[in-house]
Structures are given as C-alpha cells and as structure tokens.
Amino acid sequence: RCRSNRALIDLANGLIIVDAASAAKAEYLLSTLRETLGSLPSKLINTELSPAMAMTDWLTTEAPDAFSIGQDAELKVPGDEGSIARFKRQVMDCDEVRQHLDAGKIATRLALAFGERLTFTLTEVLEIKSLAMLDVLKDEVKDMDAETQDALFESQMALLIGELRGFIPTLIEALGGETA
C-alpha cells in the first residue's frame, strides 16, 4: 500500500510542519524520518496559554490583531461527558454563543483567519486544520509567470512557506509564547 504525507522542515524557525490528517499519521512520518536520518530530535510545541482558554477568551473579548474570528466553532463543557455545541456559518459575536460561554463551555475548535491571506481551524490541542489560502494569496499565484506545472507548484509552495513562516510564530505569540 502506497501512502504519501508532506512535511516542511523549517530550519530558520526550528519547526517541522507535517501535513497529516491525524496525529498518528504525523508521528508515523516523523518516526520514518528518524529511522532514515538516524536521529531527529523533536517535541510538540507547548504554549503558555492553552489554545482552549485563549480561543474562549478571544470569543468573549476579541482575537489578537493579526487574526480574525471565522464562522465555525465548537464549544464544550470541560470533561469527557460534557455537552457540545457546534456552530457552522454563524457569526460568533451573538447572544447564543455568549450564553454557551456563560454556561461554562470552552472553545475546543475555532475557525480563524490570519490577516487576509490564510484561513484555518485551531483545535484545543494546537492542531491547525483546514489551512487554506485566501483569494488575495491565490491571486498572487495566478499572477506568477509559470511556464510548467512544476514551476507553478514551486511558486505556490514558496508563497505558502513564506506565509507559514510568519503565521506559525504569530500564532505561538498569540498563545503567550512557547513555554520554557
């Protein structure tokens, strides 16, 4: 069975970004890299603020300057048996969302935008899901003069990597920075 996963090793920021559907698939890719290279020390990023607490705070006050809140969220009562409220295509600055937050629910998933260039969903365990380029960024790719499909792919990847190099550190900073 053939399987393919992509990863970006960003030496400048000391990050390995894995494009995988689950944590298990990401860990499989990392363990394969470790076997291939002989060693690959890595650890998950831990931030001063938990993503759940930060997202809940952003819903009650406002998101950090570089981010804007999207229209999808999941709010949950802490614990394994807690109730869950899911919102799709809903403005988050409404009474219904506030009532759930006032009842003690915390944000476990929240759709966000990074500037006017990327959209994504942040989870309570600091996973970035559904990362997508917005039209502004797509237009920049269209404007590039690529003669072949390979050149177009390379242009798209260079643009996305440039955005990720600004996005990831800004997100970590919005979560209080990395723990010591």
Problem - Subset of region 128-149 that is in a loop (DSSP other than H, G, I, E, B) and exposed (fewer than 12 other Cβ atoms within 10 Å of the Cβ) - its residue that is modelled with the lowest pLDDT - result: Asp145
Practice task
Inspect all residues belonging to region 105-126 and state whether any of them is closer than 17 Å to Leu164 by Cα, among the acidic types (Asp, Glu) and either free of Cβ contacts under 8 Å to residues at least 40 places away in the same chain or open to solvent by 30 Å² or more (accessible area, probe 1.4 Å) (or both).
Solution key: yes
Practice task
For Asn13, work out the one condition from (1) in contact (Cβ under 8 Å) with a residue 40 or more places away in the chain; (2) assigned to a loop (DSSP other than H, G, I, E, B); (3) open to solvent by 80 Å² or more (accessible area, probe 1.4 Å) it doesn't fulfil.
Solution key: (3)
Exercise for the section: Would you mind stating whether Gln90 is assigned to a loop (DSSP other than H, G, I, E, B) and either farther than 27 Å from Thr179 by Cα or open to solvent by 90 Å² or more (accessible area, probe 1.4 Å) (or both)? Expected result: yes
Practice task
Go through the residues of region 26-40 one by one and say whether even a single one is part of a loop (DSSP other than H, G, I, E, B), hydroxyl-bearing (Ser, Thr, Tyr) and surrounded by fewer than 13 Cβ atoms within 10 Å (Cβ to Cβ).
Solution key: yes
Problem - Of all residues in region 67-83 being at pLDDT 95 or above and surrounded by fewer than 17 Cβ atoms within 10 Å (Cβ to Cβ), the one that is nearest to Arg165 (Cα to Cα) - result: Ser68
Exercise for the section: Keeping to region 31-65, report how many residues are touching a helix residue (DSSP H, G or I) at 6+ places or on another chain (Cβ under 9 Å), small (Gly, Ala, Ser) and farther than 24 Å from Ile9 by Cα. Expected result: 2
Problem - Residues (open to solvent by less than 80 Å² (accessible area, probe 1.4 Å), among the hydroxyl-bearing types (Ser, Thr, Tyr) and either modelled with pLDDT of 95 or more or in a helix (DSSP H, G or I) (or both)) located in region 42-65 - result: Thr47, Ser50, Thr56
Fill in the blank from the handout: How many residues of region 16-25 are surrounded by 13 or more Cβ atoms within 10 Å (Cβ to Cβ) and without any contact (Cβ under 8 Å) to a residue 40 or more places away in the chain? The answer is 5
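The values are calculated or read from the model by the stated rules, or taken from the named source; none is laboratory data. Values in this document were obtained by computation on a predicted structure and should not be read as measured data. Cβ sites come from the backbone with ideal geometry, for glycine too, and all protein chains shown count toward neighbours. SASA here: full protein model, heavy atoms, side chains in, ligands and nucleic acids out. Shrake-Rupley method; radii C 1.70, N 1.55, O 1.52, S 1.80 Å.
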